[in-house]
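The values are calculated or read from the model by the stated rules, or taken from the named source; none is laboratory data. Please read all numbers here as calculations on a predicted model, not as lab measurements. Ideal geometry is used to build each Cβ from the backbone, glycine not excepted, and the neighbour counts take in all protein chains shown. Side chains included, ligands, DNA and RNA excluded: accessible areas come from the protein's heavy atoms. Shrake-Rupley method; radii C 1.70, N 1.55, O 1.52, S 1.80 Å.
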Amino acid sequence: MKEIRKGTQAVWAGEKDSLAFGATQVPVVHSVSFGYDDMDEWYDVAIGQKQGHIYGRNTNPTVQAFEEKIRILEGAEAATSFSTGMAAISNTLATFLAPGDRVVSIKDTYGGTNKIFTEFLPRQKVEVVLCETGNHQAIEAEVAKGCKVLYLETPTNPTVKITDIKRMAAAAKRVGAIVIVDNTFATPINQQPLVLGADLVIHSATKFLGGHADALGGSLCGSKELVEQVYHYREINGATLDPMAAYLLLRGMKTLKLRVEKQCENALSVAKFLQTKEMVEEVFYPGLDSHPGHEIASEQMTNFGGMLSFSVKGGVETLRLLLPKLKYANRAANLGSVETIVGPTRTTSHVECTPEERAAMGIPEGLIRYSAGIEDLEDLIEDLEQAFQSLPKQLLANG
């Protein structure tokens with residue numbers, strides 16, 4: 001059978017079985033419980049011998065439609081969902097890591113993920129090794145020593161560093177490790193970690209998948225065997241996706257391919273524009289030839305994503321003056337929305353970290369995270385231009 005393309009999958013996938021009463025849209029099913037007159041049927045559903053729903057903490061028709069859509073987009077055997085992206089990450093790691101286990105990851109993961117590695121897992125007597133992002137030989141060497149899980153995030157939040165998924169997955173397979181990839185920044189439109197050798201793919205669905213900054217959620221895709229283990233942990237611990245949030249995410253995902261393509265186009269042009277500004281120290285975007293991970297990103301991604309970041313001369317003083325001048329950007333702790341969103345990493349991705357911790361991860365205090373929206377590119381460029389021009393002459397002179 002001919003493979004359905006991503007744009008069509010985003011619109012149609014996973015919805016047909018959840019439609020009711022001739023409706024063309026998936027309904028929001030708010031019922032907490034689901035009743036049965038036949039006791040044997042009830043039992044069969046309860047033990048998983050028959051399709052159906054018992055209790056909202058476990059499964060729900062609206063939520064199931066969302067899970068099926070992301071499963072198909074990621075080309076996975078199975079998928080499950082969570083109340084937030086961090087619930088997806090924490091529940092997945094908790095499922096597979098126990099006292100005495102070893103996990104290998106990178107230093108540049110999202111701030112909340114980093115806290116799990118540096119604060120919570122060590123309390124549980126899990127050995128955590130964080131390698132320099134992009135140093136593939138160092139990661140391979142640590143993986144070769146043995147580990148239960150190899151956890152990757154690529155591109156990273158916020159410096160959009162790139163890790164070679166295929167190469168790292170091969171190293172993990174040699175020691176029997178589970179490979180988990182956070183694909184939030186890339187989205188299934190731009191990157192397919194399972195095809196590259198990953199076992200599990202995580203998303204903060206709050207971001208690009210939903211795309212409208214109005215619903216929290218997380219997802220996990222992968223093999224049936226592994227996803228069922230995480231689902232069991234989640235159903236008992238209760239980090240359940242709300243059906244209304246699932247509906248909003250489903251609705252947002254219909255335009256995923258269109259949105260992401262425009263965001264990629266805008267992000268690349270904005271990154272190139274920022275390279276021309278004297279007050280910009282460095283621009284981080286894998287679509288730029290100058291980016292250290294450009295070659296790998298070109299091989300494993302179909303496009304370079306809607307996220308970039310840049311550091312400014314003058315640090316915090318400059319960003320305090322620059323960001324409020326932007327007219328077409330929300331100054332907020334979110335990303336992946338139809339509106340452009342900007343913010344210092346010290347109040348967004350790594351607010352949980354101290355200045356010293358951020359510095360150790362190579363995140364300057366003057367770093368600005370820029371999530372390109374779907375606005376007309378010319379307006380975004382003009383908006384940035386006027387914001388830079390508004391900086392005090394003395395600040396510009398000092399560079």
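Taking the radius of gyration and the Kirkwood hydrodynamic radius from Cα positions alone, what is the Rg/Rh ratio for the stretch 154-298, to two decimal places? Intermediate results must be reported in sequence, preceding the final value.
On the way: Rg = 17.2 Å, Rh = 17.0 Å.
A ratio of 1.01.
Give, as a single signed number, the net charge of other residues whose beta carbon lies under 14 Å from the beta carbon of Thr95, with Lys and Arg counted +1 and Asp and Glu -1. Could the numbers behind the result be given before it?
Values: positive: Lys148, Arg234; negative: Asp101, Asp199, Glu225, Glu228, Glu235.
Every neighbour counted, the sum reads -3.
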Seminar exercise, completed: With 0.36 nm assigned to each residue of separation and the Cα-Cα distance removed, Phe120 to Met244 gains 41.6 nm
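First check a/c for the stretch 1-120, with a ≥ b ≥ c the square roots of the eigenvalues of its C-alpha gyration tensor; if it is under 1.5, answer rounded, and if not, answer prolate when a/b is larger than b/c or oblate otherwise. Before the final figure, lay out each step's value.
Details: a/c = 2.35, a/b = 1.45, b/c = 1.62.
Oblate.
Per residue and in Å³, how big is the convex hull formed by the alpha-carbon atoms of the stretch 267-378?
Details: hull volume 12.7 nm³, N = 112.
In the stretch 267-378, the Cα convex hull volume per residue is 114 Å³.
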Seminar exercise, completed: Per residue, accessible area of the stretch 256-396 with a 1.4 Å probe, heavy atoms of protein chains only, in Å², comes to 44 Å²
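Let me know the whole percent of all Cα-Cα pairs from the stretch 236-315 that are separated by more than 21 Å.
Working: 1490 of 3160 pairs.
For the stretch 236-315, the fraction of Cα-Cα distances above 21 Å is 47 percent.
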Seminar exercise, completed: Here the convex hull volume per residue of the stretch 97-192, taken over Cα atoms and given in Å³, is 83 Å³
Exercise. Does the stretch 6-252 come out rounded, prolate or oblate, given a ≥ b ≥ c as the square roots of the eigenvalues of its C-alpha gyration tensor, rounded meaning a/c under 1.5 and, failing that, prolate meaning a/b above b/c?
Worked result: prolate
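To the nearest 500 deg cm²/dmol, what mean residue ellipticity at 222 nm is calculated for the chain from DSSP H runs of n ≥ 4 alone, each contributing -39,500 (n - 2.57), summed and divided by the residues?
Details: 16 runs with 153 residues, N = 399.
After summing the helix terms and dividing by residue count, I get -11000 deg cm²/dmol.
Using DSSP, restrict attention to beta bridges with both residues in the chain and report what percent are antiparallel, rounded to the nearest 5. List each step's numbers first, then the result.
On the way: 24 of 41 bridges.
The answer is about 60 percent antiparallel.
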For this session: Express in % the proportion of alpha carbon pairs of the stretch 323-362 at distances exceeding 12 Å.
Result: 60 percent
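Roughly speaking, to the nearest percent, how much of the chain's 1.4 Å accessible area is carbon and sulfur? Working shown, then result.
Values: 9060 of 17380 Å².
Accessible surface attributable to carbon and sulfur in the chain totals 52 percent.
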For this session: Under a cut-off of 20 Å between alpha-carbon atoms, report the aspartates and glutamates in cross-link reach of Lys277, not counting same-chain residues fewer than 8 places apart.
Result: Glu265, Asp289, Glu317, Glu365, Glu378, Asp379, Glu382, Asp383, Glu385
Problem set entry | Pairs of lysine residues in the stretch 6-252 - Cα separation under 16 Å, sequence separation of 8 or more or cross-chain | 10
Exercise. So how much slack lies between Ser390 and Glu352, counting 0.36 nm per residue of separation and subtracting their Cα-Cα distance, in nm?
Worked result: 10.6 nm
Seminar exercise, completed: So, with points 7 Å from each Cα along the Cβ direction, the His53-Lys145 label distance in nm works out to 4.7 nm
